[in-house]
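Reading through the structure tokens given below for one structure.
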Amino acid sequence: MRTTRLLRASAVSAAVAAALATAAPAAVARDGMPISPNSPSNILALPSVIARGGQLTITVDGCPTGGTMSSSAFRIANLTPFPGVRGSSKGVAAVDINAGPGTHGITVNCNGRTLSNPAAFSVIGGVRGGLGGSTSDGATPTDVAIGGGLVTAAVVGGGLFWMRRRAERRA
């Protein structure tokens with residue numbers, strides 16, 4: 001009895017899935033026009049948050065023969081067909097050192113058709129390398145004052161400890 005119910009439920013689920021699959025509308029691009037197999041349909045930039053000077057990998061669906069991509073944060077770069085993924089292309093772009101922080105868009109040109117993603121990725125400010133990311137050379141007057149105060153406190157504390165231990169030995 002249980003096996004029959006299970007089979008019946010599976011058959012009903014399969015029929016519902018088939019009905020939904022045939023009734024699904026055709027894919028539609030952002031501007032409401034139907035997607036052609038040879039027009040760009042999706043722009044994906046990874047990583048989505050990057051520092052200046054970093055490298056972005058951009059993947060574009062619906063671009064089987066490659067094309068070009070451009071942005072305010074990097075120069076024009078080429079897209080090449082993505083091996084193993086039919087109808088997609090990818091490219092690598094280096095974010096300019098002088099790119100402004102914030103959200104940047106990407107415009108893609110494939111087969112004479114263009115697609116833009118106005119908020120494809122974000123650029124964050126660069127990181128200073130070196131010793132702790134410091135921006136000054138040498139000790140500042142504040143550093144010297146703090147260090148001097150700590151040394152003075154250590155000498156005074158050590159002297160008091162030594163004097164107290166000396167007084168305890170006499171008693």
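Derivation of every value follows stated rules applied to the coordinates shown; laboratory data play no part. Since the model is a prediction, treat every value here as computed from it, not as a measurement. Heads up, the Cβs are rebuilt from the backbone with ideal geometry, glycines too, and the neighbour counts pull from every protein chain shown.
On the beta carbon distance between ALA119 and ASN42, with R0 = 22 Å, the FRET formula returns roughly 0.95. Between the range 105-125 and the range 39-56, the C-alpha centres lie 8 angstrom from each other.
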